[in-house]
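What follows is one structure encoded as structure tokens, with my remarks underneath.
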Amino acid sequence: MNWEKTYKKWADYQGLEESLRKELNELKDNNDALEDAFYAPLEFGTAGMRGVIGVGVNRMNIYTVRQATEGLALFMDTLDDETKKRGVAISFDSRHHSKDFAHEAARVLGAHGIPSYVFESLRPTPELSFTVRNLHTYAGIMVTASHNPKQYNGYKIYGEDGGQMPPEESNMITKFVRQASDLFGIKVADEKELLKNNLMQIIGSEVDQAYLAEVKKVTIDQQLVAKEGKTMKLIFSPLHGTGAMLGEKALQQAGFANFTMVPEQAKADPEFSTVKKPNPEDPAAFDLSIALGKKEDADLLIAVDPDADRLGAAVRQPSGEYQLLTGNQIAALMLDYILTARQENNKLPKNAAVVKSIVSSEFATAIARNYDTQMINVLTGFKFIAEQIKHFEETNEHTFVFGFEESYGYLVRPFVRDKDAIQSLVMLAEVAAYYKEQGKNLYDGLQALFEKYGYFAEKTIALTFDGVEGAQEIKDLMTKFRKNAPTSFANVEVVAMEDFLNSEKHAKNGKVSPIALPKSNVLKYLLADGSWIAVRPSGTEPKIKFYVGTQGGSQTESLDKRQAFEDAINTFIQK
């Protein structure tokens, strides 16, 4: 069906939700906008779906949410009754329509006789992951667009282990989603009847308490926190999202008494009115935190994204200015502290393992190696870290001690199976307390690690290509890098190329060896000086991402290399 026919079907549907009808009328003379809204269904993949809120099959609205949930429900209909009756946990963030979408999902599940457990109000993604495990539900739904701008929303499905749904089940759900092609014919149950019959239950504080009890175990050195936590000044921002309530309670119960939340950003706000992007990777997201930090002489600034799965930080320097840390640097600091503390307490398992994504820094690898700890690399996506944790539990091959991705996502303890900014908030504050006791700050600690392990520098470059033509441009760029692979970047030779889509590593000498990871559209170039460059299309946004990792004998050398490689990438793109 072409987009005009799909549009006409929506325009002719008499029961169209009122706000969507209004938007459709406003777009009736804008063919470009209509084509973008109706040319193809919003992509539903292993990470769920994410898109602009609005009318059309390529938008987030109650009908596309119903369709996604119908796919999950049809899949659960194929399971045995006992499994199906375990139901689905549902949470949502602070975005426009998030609560509506969560309740619509519960109504679709209820029409299939599938119980749902819906949070009374917004809760973080990591708590949803925990809830699936805590309530032993079969699946979980998180309505969120994470750190995307305000016009976006999204929908993620979690499996029974608390990680995002594994590829096999996810592919089956996707197939059922596409079978539910009549978006206006999907049955929804009456919410009052569902509540009356216990097919929909509202949950809240009891799950919060269970989650916080586990977060309390994240603290390693309670005496250290009790000593330094009273005076160490911390500024915390939830960036208008879900992290406020649990973040505040987690810090308090750990023993950090001297912290302040950025007042303007402590309130949930779907407009994210104080930031252009509610993303702790964006330096501008720290503007209010920095202003408050200077006013209060704060040692450390921490911000988490709206669904509280990512965390960023900045450290006060002697000049009074604040130095932002990267996700890779935060991970290195936390990992070194965790391994040091565990070793000193004789609690570092002999089979300890750290798990990171293939596009994350080798800085952490050097640290892990120093503690005889295994570093395991997985594809981008925290579900692959969750899969490793499950494998460790089933085989006892390793004991998980830490996991992270360069995109500001970390997991300290595996009672959650996704990145967890609440855990990370407590842990990073403890690491800061560790250095404060020595008369240092986190940035001093980072420099000490650089001196010990080498100077690492990384950067992620994201190029956005919107709309129908944009999707093709991204495909063309991936083809260019795959078929006309560069032999060098900035005069540094490529010694091997890893093609994760074809599961092959091509060495300079012509040798081809297999890659023992699932297929994924990622290319990684290994360079003669130990640097690396990777390229992949985003799974959730209309972007292509380039990752650069360098190492040098000084900070200047590693940063200069990084800039040279970034320039070389841009040159290759424009050829």
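The values are calculated or read from the model by the stated rules, or taken from the named source; none is laboratory data. Since this is a predicted model, take the numbers as computed values, not measurements. When we count neighbours, we look across all protein chains shown, and the Cβ atoms used for this are built from the backbone with ideal geometry, even at glycine. Accessible surface areas use protein heavy atoms only, side chains included; no ligands, DNA or RNA. Shrake-Rupley method; radii C 1.70, N 1.55, O 1.52, S 1.80 Å.
For the pair the range 165-203 and the range 342-415, the centres of their Cα atoms are 34 angstrom apart. A 1.4 Å probe, protein heavy atoms only, puts the accessible area of S273 near 80 Å². If I compute Cα Rg over 2.2 N^0.38 Å from the structure I just sent, which labelled value in [x] 1.05; [y] 0.97; [z] 1.18 lines up? So the calculated entry is the one marked [y]. Kirkwood hydrodynamic radius of the range 385-517, from the reciprocal of the average inverse Cα-Cα distance over all distinct pairs: 19.4 Å. The lysine pair tally for the range 119-256, using Cα distances under 18 Å and a gap of 8 or more places or different chains, is 8. Under a model in which nothing but the beta-carbon of Lys, Arg (+1) and Asp, Glu (-1) is charged, the range 397-455 shows a dipole of about 120 debye around its Cα centre.
When the range 319-465 is described by a simple charge dipole with +1 on each Lys and Arg Cβ and -1 on each Asp and Glu Cβ, the residue from A364, A457, V401 located farthest towards its positive end is V401. When nucleic acids and ligands are ignored and a 1.4 Å probe is applied, T571 ends up with an accessible area of around 80 Å².
When DSSP beta bridges are restricted to pairs lying wholly in the range 351-445, around 25% turn out antiparallel.
Return the loop-located trypsin sites (Lys or Arg not before Pro) in the range 22-92 (DSSP other than H, G, I, E, B) with at most 15 other Cβ atoms within 10 Å of their own Cβ; answer none if there are none. Display every interim value, and only then the final one.
Numbers: sites: K22, K28, R50, R59, R66, K84, K85, R86; in loops: K28, R59, K85, R86.
Qualifying residues, ordered by number: K28, K85.
Ligands, DNA and RNA left out, the 1.4 Å accessible surface of the range 253-361 is 47% carbon and sulfur atoms.
Here the simple spin-label model places points 7 Å from the Cα toward Cβ, and for K28 and S121 these points are separated by 4.1 nm. Residues K436, K192, K233, K216, ordered by accessible area of protein heavy atoms at a 1.4 angstrom probe radius and largest first, appear as K192, K216, K436, K233.
Between T260 and L234, I235, F236, the built amide H atoms are under 5 Å apart, and every one of these is 5 or more places off in sequence or on another chain. With a 1.4 Å probe rolled over the protein heavy atoms of all chains, the accessible area of T125, T395 falls in the order T395, T125, largest first. Mind running the shape call on the range 262-356? Use the C-alpha gyration tensor, a ≥ b ≥ c as the square roots of the eigenvalues: rounded below 1.5 for a/c, prolate if a/b tops b/c, oblate otherwise. Because a/c hits 1.5 or more and a/b exceeds b/c, the range 262-356 counts as prolate.
Taking the centroid of alpha carbons for each part, the range 433-458 and the range 8-30 are 57 Å apart. Based on the Kirkwood radius over alpha-carbon pairs, what value in µm²/s does the Stokes-Einstein equation return for the translational diffusion coefficient of the range 228-302 at 10 °C and 1.306 mPa s? Here the translational diffusion coefficient equals 127 µm²/s. Computed about the Cα centre, the dipole magnitude for the range 509-552 is approximately 160 debye when only Lys and Arg (+1) and Asp and Glu (-1) carry charge, each at its Cβ. Legend: residue pairs K475/K575; K22/K99; K84/K356; K390/K440, Cα-Cα distance threshold 28 Å; pairs beyond threshold, K84/K356; K390/K440. For Q164, the residues 5 or more places off, or on other chains, whose built amide H falls under 5 Å of its own are G159, K383.
Under the convention that each Lys and Arg Cβ holds +1 and each Asp and Glu Cβ holds -1, the size of the dipole of the chain around its Cα centre is about 540 debye. When the surface is traced with a 1.4 Å probe over the full set of protein chains, I141 keeps roughly 0 Å² accessible.
The distance separating the Cα centre of the range 495-543 from that of the range 254-293 comes to 37 Å.
Beta-bridge orientation, the chain: approximately 65 percent antiparallel, per DSSP, counting only bridges with both partners inside. A full extension of the chain between A11 and S319 corresponds to an added length of 104.8 nm, given 0.36 nm per residue minus the alpha carbon distance.
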